[in-house]
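S.K.: I am attaching a structure below and will ask some questions about it afterwards.
The values are calculated or read from the model by the stated rules, or taken from the named source; none is laboratory data. Fair warning: this is a prediction, and the values are worked out from it, not measured in the lab. Quick reminder, even Gly has a Cβ in these numbers, built from the backbone with ideal geometry, and neighbours come from all protein chains shown. When the accessible area is computed, the model is the full protein with side chains, heavy atoms only, and any ligands, DNA or RNA have been set aside. Shrake-Rupley method; radii C 1.70, N 1.55, O 1.52, S 1.80 Å.
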Amino acid sequence: MKLQGTYLFTASQDNVWDALLDPSILAQALPGGEALQQVGENEYQAVLNMRVGPVQGRFEGGIELSEIQPKSSYRMTVAGQGAPGFVKGNGELQLAPAPGGGAELTYRGDVEIGGKIAGLSQR
């Protein structure tokens, strides 16, 4: 499954960057994000609650940020397991000044799901 999009913020690029590194805000930005706790430099333990059709489940795993270009971009790798299967993904975020002020966030990534939840998504 591919994810991509763009968001415009009225906040400054510096403020948006700081928010993208704050675990409590980042958890809210992740699809199904319930909790995110920093466990090391650029490493987090995560709880995601995802739903595909009638199957919903919690996944626990890790998130790692890499290739960090301060105030500009980073890559994110996600891996988690749960009763309904597994989830793996990677993607990148890019932040730039927005025309007319504020900041523009562009993201793109790929997510793979497997196990019971994947079987339902293929039907």
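S.K.: Given the structure, is Glu104 within 13 Å of the chain's Cα centre (by Cα) and either under 27 Å from Ser12 (Cβ atoms) or of a type in the set (S, T, N, Q) (or both)?
M.R.: Against the criterion (within 13 Å of the chain's Cα centre (by Cα) and either under 27 Å from Ser12 (Cβ atoms) or of a type in the set (S, T, N, Q) (or both)), Glu104 does not qualify.
S.K.: Only one of these is under 21 Å from Glu104 (Cα atoms) and basic (Lys, Arg): Arg75, Arg58. Name it.
M.R.: Only one candidate passes the filter, namely Arg75.
S.K.: Report every pair of residues separated by at least 6 positions or lying on different chains whose Cβ atoms are under 7 Å apart, first residue within the range 71-85 and of a type in the set (Gly, Ala, Ser), second assigned to a loop (DSSP other than H, G, I, E, B).
M.R.: Gly85/Gly115
S.K.: Kindly indicate whether Lys88 is open to solvent by 70 Å² or more (accessible area, probe 1.4 Å) and closer than 30 Å to Gly115 by Cα.
M.R.: The answer is yes for Lys88.
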